[in-house]
Amino acid sequence: MPSTISQNKIDKNLVTRRTAILGAGGVGVFGVLGARLYQLQVLQAEDYRTLSDNNRFNFNMLLPERGEIKDRFGVPLARNRQNFRLVMIPERTSEIGKTLDRVSRISPISPRQRESIEKDIRQNPKFVPILVKDNVDWETFTALNMQLHALPGIVSEAGQGRAYPENGVFSHVLGYIGRASQKDIEGDDDPLLKQPTFRIGKTGVEAAEEKTLRGSSGKLKVEVNARGRIVREWPDPETRAKRGKDVWLTLDAELQEFAAKQFATEDEGDDSGGVCLIDVLTGELRTLLSMPTFDANLFVSGLTQSDMDRMNSDPKRPQYNKAIAGGYPPASTYKMVVMLAALESGLIDPRKTVFCSGKLRLGNRTFHCWKRQGHGKMDMRDALKNSCDTYFYDISQIIGIDAIAGVARRLGLGESYDISIGGSISGIVPTESWKQQRFGTGWRMGDTLNASIGQGFVLATPLQLAVMTARIANTQDAVLPNLVIGQSLPNFEPLDFNPVHLAYVRDAMWSVTSEPGGTAYRQNPFGTDTTVKGIEMAGKTGTGQVRGISAAERATGIRKNEKLPWKLRDHSIFVGFAPYDRPRFAIGTIVEHGGSGSKRAADISRAVLGEALRRDGLGQASALDPGALR
Amino acid sequence: MVARGGSFQGAVSASGGSLTGKLYEINWLLPTLVGVLGLVGVTMIFAATDGVWRYGAFQHFVRIGFGGLVMLAVALIDIRVWYRLAYPAYAVGLIMLIGVEFVGLEVNGSVRWLDFGFTRLQPSEFMKPAIVLALARYYHDLPAHRVSHVAGLLGALILLILPMVLILRQPDLGTTLLLATTGVVVVFLAGISWRVIGFASLFASVAIPLFFKFGLKPYQQERVWTYLDPARDPSGASYHITQSKIALGSGGVNGKGFMRGTQRQGEYVPENRTDFIFTVIGEEFGLVGGLLTIGLYMAVIAVCIWLSLQCKEMFSKLLVLGLTTTFTLYIFINLGMVMGLAPVVGVPLPLISYGGTVVLAVMGGFGLMLSAHLHRGIELPRTG
């Protein structure tokens, strides 16, 4: 078949030609591939190496350890402890529900907790660890760890938790920590706040000293794979998280604890009230207590609804910081203010007596003295010693409310202090213009009379009463209270009262506690142990009326406090300082509905002042009189 | 036909030559190069699976060995047998593809597999050599003057389009395009006139956009778009390309060292045991390793072309060149994809990527080439 053979020949050449064409094309394509490889691996290699490192390395935020809060002697009031917890990284599991079921079989998760976990999971990116269980005890923690392989997405970790070891007596001062709210995050661009496991101070010192306590975040370079799982860690000491600084308070933990114990009653639980003990010279607060207390640890570990309800429905309002935010009529403790105003005005001769018949008529109103039958003839000193209301009704009309208010302000009333924790109220020092502004009505002489015995519009906190007393005791300086050691404090302004007038007031206060017949007289106010025996104090009682007493009741006999419902009983108030001759500490105490100031508040104040002196060693020093050394 | 130089040129085998003689006559350069590529594959799979033999390297090793035996067996079988089997093989391939249509296994949204109980097969892989066999036979039988005629064109077109449609329906765009290109190359080699080529190109420039619009599934269109603009969806489909380029680029000239690839360790490149295995080569052995691998492939292709030149029969030539084309296209598409020059279509790197069917298909293909070369002295009949 010659045709077939020639046909074959033609085909062969054609195929060879076309093979060459395609072969050349193929070499071209390989050339392009080779060139591309060259471009990627030589020309752009540096860029891709960077990208590869970016892939490979992540920077994990390291949370700083929070600074501790200590008392003046270094006793920890808020500290960190190992906190075993479980977190879930949602992207590591597709069965979030099942995993949570399994966790709750080992350690129960309440429906409410579960809801909030699921909400967190929904609201955060899938790689952010979500807290599932906090404060897990060691046994449960190990049990969960054994089961970890069956709990995909769950990571167990030992983090830092906050603990308040002091039985809650510092709860009001310290406040508590919690997760940053949306508002917190908006006001602070620290990226730490966005970490779901990070906690910031919410109230009290924890909030006020947040910047000091927080520290700063660190970075940990980690090598991760495509699914975000850490393959290797590259720790670098340079980028460690910086621990927050400790905050030292001026408070004395044991004294505070002691003071809290004094509020205990036999049958009605803890009394409600506040006590504030202040250093007369420096303004350092040794005790700042509000009773009853609550356990701040509950706020850290998560408050249950029943805890919350119990606290909110308690008539003694445990959450409320009465020492700085509770405004009470100072009652007779305001009489020192009136007294000092009288002396400073020069209008009143302290030796001049006023006759107390038990009441004073002003127009068609009758103002009663607490002593129905009257005190008889009273000079200024006796009036304070016996707390004669009539005397102060009388002189206040002469000196006028504005002079009284001026002295009150200079003694530190009607002012809210910056003691670093928030919540202090300013109380009320009424004046004519204040009433006009507040009620739109004119001042009446009756208002002056009420104010002269610390009733009516006057309101003060235990802290303010303590400051007032400290200033009276200090003579020279307008002492300012302070709570945090190292807190920047303005220089104390000069008090600018005539020292003789102040000495007169102090002497009158001494007569209240140290002269037989004084409303708070005790022979050895602090007990008879050698350290405090012989130390004298000065003070003033106050009984704050919370109800009106009708004429009918006066006629038939005023009901005794013990017979009244708790809510209607008088507030028991006491202020004082010691030692009398060399004042060191001043105290302001209010016991809500505690009855007469000469009883509950005076007892507590004496005990706390005495304990403060004992702890300070001051009593001992004074007991060592020079003669004994010789 | 007269045997050249007295040595075996197929004439002996035509009369039943000895098996050892045939084995001796096989072009051993090709199996050697193929074996080397297979071992490169074993090594890289070993690296890609973090050095665990049983995660693929061992299986690949066994498959390369078994594939080698298949290759030699296929090579020893007389080319006339393959010539006769060309159409039946094509028919079997078609039937299996139709079978996939009805009883195929679905994997990842595509129905590509047939389950035979003892093994699973991808008929589309089988179809790749089968279509070459069929087209080679077709053109072998077709007189040259009818190659560019309407009837001649139509026959080739039907042979090509039937399996293409069936594979596209699975859907498997990569294989469809591969099949189409292989077919076009064979038609081109068969001597189609430039005039027809001109018309066809014109037609294609109109048909391809239409096909894209109406013939492709949304995810297939997406792949093409992603290729055209990788920044479109950085976490989605182009994630493959981006991470793949990072792996290659960060390898630099010398690579990060065997088993030291951080992109690989971090599992940033998905499928780096199969389709994206070149990223492991590029990252751990750098430009040097990449170019050496490409060089090996070029050597294999060059040997294949050289084999085709020695063949005398149209069937043999087209068979060898067609199979070479398929092999080459695998490499082009895969490397182009890995380097970010072609869309991600899921084509393995032959002999190196993990995957049993592909290894068998490719090595069986080499067996056919070797057979064509071994029996190059035998004259094939022309029934056209």
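Taking R0 as 60 Å, what FRET efficiency do you get between A:Ala143 and A:Ile21 from their Cβ-Cβ distance, rounded to the nearest 0.05? Result of the calculation: an efficiency of 0.20. Counting other Cβ atoms within 10 Å as a rough exposure proxy, the listed residues B:Lys22, B:Lys217, A:Lys202, A:Lys560 run A:Lys560, B:Lys217, A:Lys202, B:Lys22 from fewest neighbours to most. Using a Gaussian network model of chain B in which every pair of alpha carbons under 10 angstrom is joined by a spring, one finds that among B:Tyr138, B:Tyr354, B:Tyr55 the greatest mean-square fluctuation is at B:Tyr55.
For the protein assembly as shown, just say rounded, prolate or oblate: build the C-alpha gyration tensor, square-root its eigenvalues into a ≥ b ≥ c, call rounded for a/c under 1.5, and beyond that prolate if a/b exceeds b/c, oblate if not. Verdict is prolate for the protein assembly as shown.
Helix A:389-399 and the longest principal axis of the Cα set of chain A meet at an angle near 80°.
Full extension of the chain between A:Lys119 and A:Asp267 gives 48.8 nm of extra length, using 0.36 nm per residue less the Cα-Cα distance. B:Asn254 sits among other residues whose Cβ lies under 14 Å from its own Cβ, and their net charge, with Lys and Arg +1 and Asp and Glu -1, is +1. For chain A, what is the relative contact order in percent, using Cα pairs closer than 8 Å and at least 6 residues apart in sequence? The normalised contact order for chain A reaches 12 percent. Zone of A:Ile398 (label point 7 Å along Cα→Cβ, backbone N under 15 Å): which residues in region A:337-358? Correct set: A:338-356.
Between A:Ile185 and A:Arg438, what FRET efficiency follows from the Cβ-Cβ distance if R0 is 41 Å, with the result rounded to 0.05?
That gives a FRET efficiency of 0.60.
By its C-alpha gyration tensor, with a ≥ b ≥ c as the square roots of the eigenvalues, how is region A:83-159 shaped: rounded for a/c under 1.5, else prolate for a/b larger than b/c, else oblate? Cα axes put region A:83-159 in the rounded bin.
Taking the longest Cα principal axis of chain B as reference, the axis of helix B:123-141 is set at about 30 degrees. Judged by the mean number of other Cβ atoms found within 10 Å, the most tightly packed of the peptides B:186-198, A:504-516, A:103-115 leads the ranking A:504-516, B:186-198, A:103-115.
Peptide B:334-341 has a mean shielding of 4, counted as Cβ atoms of other protein chains within 10 Å of each residue's Cβ. Each label was represented as a point 7 Å from its Cα along the Cα-to-Cβ direction; for A:Leu362 and B:Val36 these points are 11.7 nm apart.
The mean number of Cβ atoms from other chains found within 10 Å of a Cβ in peptide A:47-57 is 6, as a whole number. Would you compute, from DSSP H runs of 4+ residues alone, the mean residue ellipticity of the protein assembly as shown at 222 nm, taking -39500 (n - 2.57) per run and dividing by the full residue count, rounded to the nearest 500? Mean residue ellipticity, 222 nm, calculated: -15500 deg cm²/dmol.
Between B:Leu69 and B:Arg146, the modelled labels are 4.3 nm apart [label points 7 Å from Cα along Cα→Cβ].
Relative to the longest principal axis of the Cα atoms of chain A, the long axis of helix A:401-410 lies at roughly 50 degrees.
The simple spin-label model puts a point 7 Å past each Cα toward its Cβ; for B:Ala302 and A:Ala555 those points are separated by 13.2 nm.
Where a ≥ b ≥ c are the square roots of the eigenvalues of the C-alpha gyration tensor, would you call region B:11-374 rounded, which needs a/c under 1.5, or, failing that, prolate if a/b is larger than b/c, or oblate? Judged from the Cα gyration tensor, region B:11-374 comes out oblate (a/c at least 1.5, b/c at or above a/b). For the peptides A:46-57, A:388-399, the ranking by mean Cβ contacts within 10 Å, running from highest to lowest, is A:388-399, A:46-57. Each Lys or Arg adds one and each Asp or Glu takes one away; over the other residues whose Cβ falls under 10 Å from the Cβ of A:Lys540, this sums to +2.
Averaged over its residues, how many other protein chain Cβ atoms are within 10 Å of peptide B:268-281's Cβ atoms?
The per-residue average across the peptide is 1.
Under 21 Å between alpha carbons: how many lysine pairs meet that in chain B, if sequence neighbours fewer than 8 apart on the same chain are excluded? Lysine pairs, 8 or more places apart or on different chains, close enough: 4.
Summary of packing: across the peptides B:156-163, A:446-453, the per-residue average of other C-beta atoms within 10 Å ranks them, highest first, as A:446-453, B:156-163.
For the residue pairs A:Lys98/A:Lys119; A:Lys98/A:Lys126; A:Lys335/A:Lys599; A:Lys70/A:Lys599; A:Lys126/A:Lys245; A:Lys335/A:Lys371, the C-alpha atoms sit more than 23 angstrom apart in A:Lys70/A:Lys599; A:Lys126/A:Lys245.
The calculated FRET efficiency for the pair A:Phe492 and A:Ser345, based on their C-beta separation and a Förster distance of 30 Å, comes to about 0.75.
Every number here is computed from the coordinates shown, using simple stated rules; none is lab data. Note that the structure is a prediction, hence the values are computed from the model and not measured. Because the Cβ atoms are built from the backbone with ideal geometry, glycine has one as well, and the counts that use them run over all protein chains shown.
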